[in-house]
Amino acid sequence: MAKKAHHKHATPATLALEKAGLPFETLSFEHDPTNHNFGQEAAAALKARGISPEHIAKTLLVDSDSGLAVAVLPVTHQLNLKAMAAALHSKKATMCDPAVAERVTGYVVGGISPLGQKKRLPTVVDSSLEEYPAVVVSGGRRGFDISLSPQALAQATGAMFAPIARR
């Protein structure tokens with residue numbers, strides 16, 4: 001059964017998972033406001049709890065000739081824009097302007113969740129994440145993450161899996 005988000009932790013992401021009846025767990029850590037390497041910060045904080053950095057995902061927005069899209073990939077990797085464009089059946093993809101990403105998703109950079117965005121965008125999850133029993137994505141705030149199965153993530157976002165990351 002889906003774990004209910006405590007109201008102090010309720011975000012559009014947790015509310016979307018609850019509404020969909022998908023199981024998840026929430027993870028919090030102290031965010032350092034001076035740290036702008038959000039993925040690395042989460043990886044360091046969660047590694048102390050025994051969560052492998054390869055299981056922790058970052059959410060990036062890209063702009064392609066078919067419009068905006070969401071990429072979810074391990075924090076240990078970089079987004080391969082050519083592979084992302086191919087997954088979207090587009091000629092090319094570029095990183096989305098951070099201000100546009102915030103406006104479109106309703107989240108702040110460093111806290112952008114692939115879940116519960118204001119507008120559902122095409123979402124591509126790196127296929128390396130599909131093999132894990134659980135992955136960790138942003139819960140919609142800096143220092144607040146959600147652990148769930150890759151299948152639940154794909155179900156909640158309408159995502160497809162494709163090889164979009166490179167080390």
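The values are calculated or read from the model by the stated rules, or taken from the named source; none is laboratory data. Only a predicted model underlies this, so the values are computations on that prediction, with no experimental measurement involved. We place every Cβ from the backbone using ideal geometry, glycine too, and count neighbours over all the protein chains shown. When the accessible area is computed, the model is the full protein with side chains, heavy atoms only, and any ligands, DNA or RNA have been set aside. Shrake-Rupley method; radii C 1.70, N 1.55, O 1.52, S 1.80 Å.
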Do you know which residues across the range 47-64 are acidic (Asp, Glu) and closer than 22 Å to residue 106 by Cα?
63
For the list (1) touching a helix residue (DSSP H, G or I) at 6+ places or on another chain (Cβ under 6 Å); (2) free of Cβ contacts under 8 Å to residues at least 40 places away in the same chain, I need the number of the one condition that residue 99 fails.
(1)
Here are the criteria: (1) touching a His at 6+ places or on another chain (Cβ under 9 Å); (2) open to solvent by less than 40 Å² (accessible area, probe 1.4 Å). Tell me which single one residue 28 does not satisfy.
(2)
Which residues, taken from the range 24-46, are touching a strand residue (DSSP E or B) at 6+ places or on another chain (Cβ under 7 Å) and either at pLDDT 90 or above or farther than 18 Å from residue 107 by Cα (or both)?
24, 25, 26, 27, 28, 42, 43, 46
Which pairs do you get when a residue that is open to solvent by 20 Å² or more (accessible area, probe 1.4 Å) and small (Gly, Ala, Ser), found in the range 5-16, comes within reach of a residue that is at pLDDT 95 or above and not in a helix (DSSP H, G or I), reach meaning Cβ atoms under 6 angstrom, with the pair 6+ apart or on two chains?
16/115; 16/116
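Have a look at 28, 113 and point out the one that is over 18 Å from residue 157 (Cβ atoms) and of a type in the set (Ser, Thr, Tyr).
On the way: 113 fails: over 18 Å from residue 157 (Cβ atoms).
The match here is 28.
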